[in-house]
Amino acid sequence: MLQESTQHEWVRIDGKMETDMPDANLGSSSIETAKHGNVLWVKLDKDAYRIGYALTPELRAKYPQGLTQEQAVEEAIESLKPFNLAIPRVDWWTSYSVIQGVAATMQKDNFVLLAGDAAHVHSSGFAQGMNTGVHDATNLIWKLAGTIKGWYNPFVLTSYDSERRPIAHKLIEMDKLASDAISGNIPIRYRELVAKEANADDIVTKIYSENVAFVSGLGISYALSLINHEPLSGTVMAGHRAPDAVLKQPGRRITIRLFDVTRAYGRWSILVFGGYHTVTQSKLITLRDQLLADKTGLATRYFSVLKLSTIIAGSTSSAWEVFDGPGMGKLYFDPEGAAHCLYGVSLNSGAVVVIRPDGIMGFATALNESDKLEEYFKGFCL
């Protein structure tokens with residue numbers, strides 16, 4: 001692993017705590033201090049809390065041999081002043097140095113794959129360890145499973161490293177700024193704000209707000225590739241998170257979210273946005289006949305790989321009315337056209353949208369361009 005040690009040392013203590021600090025039970029908070037950096041306060045289960053603080057240069061000079069548990073508790077009490085704090089029971093505590101790094105590769109010899117803390121290490125400042133590990137797993141699992149099942153050519157599995165390692169590097173760049181500010185320092189790029197009386201706590205807030213889409217995971221995106229093709233229709237960019245929307249189901253018009261429709265358990269979702277079916281019906285019928293053709297249709301050949309769904313603007317009595325015959329997968333209604341709008345699909349033209357098993361936009365094309373869908377899937381499916 002290519003890693004770097006930092007000058008940052010942090011302390012964390014879990015245990016029973018009693019304090020007169022307001023709103024101590026609300027969940028989590030941070031407190032800017034002069035001597036202990038950005039103090040972390042978290043309500044845990046039952047009577048337990050977690051408090052965390054930085055071993056600033058002043059504290060490291062005070063404890064050159066490191067902290068004992070008693071000293072760690074004493075400094076925790078000091079860090080919360082002017083509020084009172086008592087820690088009658090310590091369940092766990094640690095003092096550790098922050099190390100940041102990313103593995104040289106996340107895939108070696110085809111099936112040696114690294115994820116989570118084995119692939120990237122960083123501070124706990126923005127609580128991204130589990131988040132990033134889960135995103136690694138979400139990106140990897142369908143690629144690995146599909147490769148083992150013989151669905152994909154080798155590129156799909158190698159794209160795990162090419163997609164996730166740049167994300168890990170971005171995480172480390174963010175963590176360098178965050179751990180600096182949490183430790184009570186002002187990162188160089190933000191020092192002009194000091195003249196405006198900004199303190200380290202203000203900088204922590206600014207770094208977080210600038211990266212909130214990344215921290216939440218919804219702003220993560222991947223570069224164009226064999227599995228992320230430049231869309232030929234719509235406005236959602238390939239490699240980006242596919243938007244969610246509210247749809248209605250036939251019959252009693254029960255609401256369902258698009259994310260539930262695309263929950264395909266390792267399969268690719270092909271969403272046929274039909275727009276106004278009275279306008280696009282001939283294209284929909286042709287597309288259905290091509291995709292579902294016996295032995296030769298894309299959806300027939302890749303039955304295990306693909307999940308078909310149709311979304312039309314407005315509503316109708318049944319799929320039969322839309323297709324003048326059998327439909328394509330399950331039918332859903334987009335009463336106000338909001339889902340079509342989110343994907344940049346014209347209600348008069350419609351489009352076909354391909355969403356990867358991990359919810360990332362893969363490709364999009366016009367209703368009458370099934371050959372483009374063929375080309376797309378032939379690029380990586382066996």
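The values are calculated or read from the model by the stated rules, or taken from the named source; none is laboratory data. Source: prediction; values computed, not measured. As a convention, Cβ positions derive from the backbone with ideal geometry for all residues, glycine included, and neighbour counts pool all protein chains shown.
Among residues of the stretch 274-292 that are without any contact (Cβ under 8 Å) to a residue 40 or more places away in the chain, those with a beta-carbon under 7 Å from a residue that is small (Gly, Ala, Ser) at least six positions away or on a different chain give the pairs Leu292/Ala299.
Among the residues of the stretch 312-370, those identified as charged (D, E, K, R), surrounded by fewer than 22 Cβ atoms within 10 Å (Cβ to Cβ) and in contact with a strand residue (DSSP E or B) (Cβ under 9 Å, 6 or more places away or on another chain) are Lys330, Glu336, Glu369.
Going residue by residue through the stretch 34-57, is there one that turns out to be among the β-branched types (Val, Ile, Thr) and surrounded by fewer than 17 Cβ atoms within 10 Å (Cβ to Cβ)? Yes: the stretch 34-57 contains one or more residues that are among the β-branched types (Val, Ile, Thr) and surrounded by fewer than 17 Cβ atoms within 10 Å (Cβ to Cβ). Here Glu375 clears all of (1) more than 23 Å from His229 (Cβ to Cβ); (2) free of Cβ contacts under 8 Å to residues at least 24 places away in the same chain except the condition numbered (1). On the stretch given as the stretch 206-222, residues that are surrounded by 14 or more Cβ atoms within 10 Å (Cβ to Cβ) and of a type in the set (S, T, N, Q) total 2. Counted as qualifying within the stretch 1-119 are the strands (runs of 3 or more DSSP E) with 3 or more residues that are under 30 Å from Tyr160 (Cβ atoms), namely 2-19, 85-102. Scanning the stretch 122-134 for residues that are within 18 Å of the chain's Cα centre (by Cα) and crowded, with 20+ Cβ neighbours inside 10 Å turns up His122, Gly125, Phe126, Gln128, Thr132. Which of the following residues is without any contact (Cβ under 8 Å) to a residue 24 or more places away in the chain and more than 19 Å from Phe126 (Cβ to Cβ): Arg253, Arg191? Result of the check over Arg253, Arg191: Arg191.
Is it the case that Gly344 is part of a loop (DSSP other than H, G, I, E, B), on the phi > 0 side of the Ramachandran plot, in contact with a helix residue (DSSP H, G or I) (Cβ under 9 Å, 6 or more places away or on another chain) and not assigned by TED's automatic domain parsing to the domain that holds Phe155? So Gly344 fails the test. Apart from one condition, Pro88 fits all of (1) exposed (fewer than 12 other Cβ atoms within 10 Å of the Cβ); (2) within 24 Å of Glu9 (Cβ to Cβ); the exception is (2). The C-beta contact set for the stretch 216-243 (first residue on the phi < 0 side of the Ramachandran plot, second residue at pLDDT below 95 and not in a loop (DSSP other than H, G, I, E, B), distance under 7 angstrom, 6+ apart or interchain) comprises Gly219/Ala213; Ile220/Phe214. Only one of the listed residues (Leu144, Leu85) is at pLDDT 95 or above and not assigned by TED's automatic domain parsing to the domain that holds Tyr208. That residue is Leu85. Scanning the stretch 251-304 for residues that are surrounded by fewer than 18 Cβ atoms within 10 Å (Cβ to Cβ) and basic (Lys, Arg) yields a count of 6. State whether the residues of the stretch 350-358 include one that is at positive phi and in contact with a helix residue (DSSP H, G or I) (Cβ under 6 Å, 6 or more places away or on another chain). The answer is yes; a qualifying residue exists. Within the stretch 140-162, restricting attention to residues that are of a type outside the set (A, V, I, L, M, F, W, C) and touching a Phe, Trp or Tyr at 6+ places or on another chain (Cβ under 6 Å), the residue that is farthest from Arg301 (Cα to Cα) is Lys143.
Scanning the stretch 183-222 for residues that are outside any loop (DSSP other than H, G, I, E, B) and small (Gly, Ala, Ser) returns Ala195, Ala200, Ser209, Ala213, Ser216. State whether the residues of the stretch 223-234 include one that is surrounded by fewer than 16 Cβ atoms within 10 Å (Cβ to Cβ), of a type outside the set (Phe, Trp, Tyr), in a loop (DSSP other than H, G, I, E, B) and under 20 Å from the mean Cα position of the chain (by Cα). Checked the stretch 223-234: at least one residue is surrounded by fewer than 16 Cβ atoms within 10 Å (Cβ to Cβ), of a type outside the set (Phe, Trp, Tyr), in a loop (DSSP other than H, G, I, E, B) and under 20 Å from the mean Cα position of the chain (by Cα).
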